[in-house]
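These notes are about the structure you will find just below.
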Amino acid sequence: SQQGEEDPQALSIQEGENATMNCSYKTSINNLQWYRQNSGRGLVHLILIRSNEREKHSGRLRVTLDTSKKSSSLLITASRAADTASYFCATDAGAAGNKLTFGGGTRVLVKP
Amino acid sequence: DGGITQSPKYLFRKEGQNVTLSCEQNLNHDAMYWYRQDPGQGLRLIYYSQIVNDFQKGDIAEGYSVSREKKESFPLTVTSAQKNPTAFYLCASARGNTGELFFGEGSRLTVL
């Protein structure tokens, strides 16, 4: 079974609006990462948040982590049509080999 | 420019045939990974390698094989024992235990 589960599975918003997606996981982690995937392409790393961090920003991205609830959220502010993609959370549970476990993703459609 | 190159981008295979997907990186990364992605799904780990001449099974290794004879290369063979090989295959690399994965553009395998 997958460690991370994203919610919602799909999201449709207008350009300029904010997009929020959530990720829940089951076991303790070292860090949690968010990736973006354009249709038919490879994944691109967006942001990494460590287990001792609660919030992190990168440009228009804001990630929060609540280890007590085993959940994380990704906020994209002032969305653009180019933000249309699938977004995945991935957890590093600290096992040898830097093995990441990916969730099923949130498909985001930003309408111009 | 540094990066990960996967080839071929598209591959068609008849049932009963083995096929090999190529993954080459010039990032000087120690760790390399193979993931499988099914339509609308997240990524599942097939095999990973932390160092040359060493590799470990991931969550869905059955029907697959790998080698790591060179630091730059981590080819994946999809054998005839893999019952449902049609999928999108993604190769990734990481520098030690930094956490961030760098992905190739993927190889889409279709069994006819």
Can you give the Rg to Rh ratio for chain A, taking only C-alpha atoms and Rh from Kirkwood? 0.96
Would you mind computing the Rg to Rh ratio of the protein assembly as shown from its alpha-carbon coordinates, Kirkwood style for Rh? 0.97
Once you average over the residues of B:39-47, how many Cβ atoms of partner chains fall within 10 Å of each Cβ? 5
Within 10 Å of each Cβ of B:101-109, how many other protein chain Cβ atoms are there on average? 4
Could you give the dipole magnitude of segment A:1-69 about its Cα centre, charging the beta-carbon of Lys and Arg +1 and that of Asp and Glu -1, in debye to the nearest 20? 260 debye
Counting other Cβ atoms within 10 Å, which trypsin sites (Lys or Arg not before Pro) in segment A:21-62 have at most 14 and lie in a DSSP loop? A:Lys26, A:Arg54, A:Arg60
Semi-axes of chain B from the Cα gyration tensor (sqrt of 5 times each eigenvalue, largest first, whole Å) come to 22, 14, 13
Please list, in order along segment B:57-74, the HN-Hα scalar couplings obtained from phi with the Karplus expression 6.51 cos²θ - 1.76 cosθ + 1.60 (θ = phi - 60°), rounded to whole Hz, x for Gly and Pro. 6, x, 7, 9, 6, 4, x, 10, 9, 9, 9, 9, 7, 10, 4, 7, 10, 8
Between A:Glu15 and B:Gln41, take the C-beta separation as r, use R0 = 35 Å, and let me know the FRET efficiency to the nearest 0.05. 0.80
Other-chain or far-sequence residues with amide H under 5 Å of B:Leu27's (modelled H): B:Gly3
Starting at the first residue of segment B:4-14, write each ³J(HN,Hα) from the Karplus equation 6.51 cos²θ - 1.76 cosθ + 1.60 with θ = phi - 60°, in whole Hz, x for Gly and Pro. 10, 10, 10, 8, x, 6, 10, 8, 10, 9, 7
Within segment B:1-89, GluC sites (Glu not before Pro) in DSSP loop having at most 13 other beta-carbon neighbours inside 10 Å: B:Glu15, B:Glu62, B:Glu69
Counting only residues 5 or more apart in sequence or on a different chain, those whose built amide H sits under 5 Å from that of B:Ala87 are B:Leu109
For the protein assembly as shown, please report how many Lys pairs fall under 17 Å Cα to Cα, leaving out neighbours fewer than 8 apart on the same chain. 6
Please rank A:Cys23, B:Cys23, fewest neighbouring Cβ atoms within 10 Å first, as an exposure proxy. B:Cys23, A:Cys23
Cα centroids of segment B:51-108 and segment A:9-70: how far apart, whole angstrom? 24 Å
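Taken together, the values in this text are just the output of simple stated rules run on the coordinates, not laboratory data. Values in this document were obtained by computation on a predicted structure and should not be read as measured data. Every residue, glycine among them, receives a Cβ derived from its backbone with ideal geometry; neighbour counts consider all protein chains shown.
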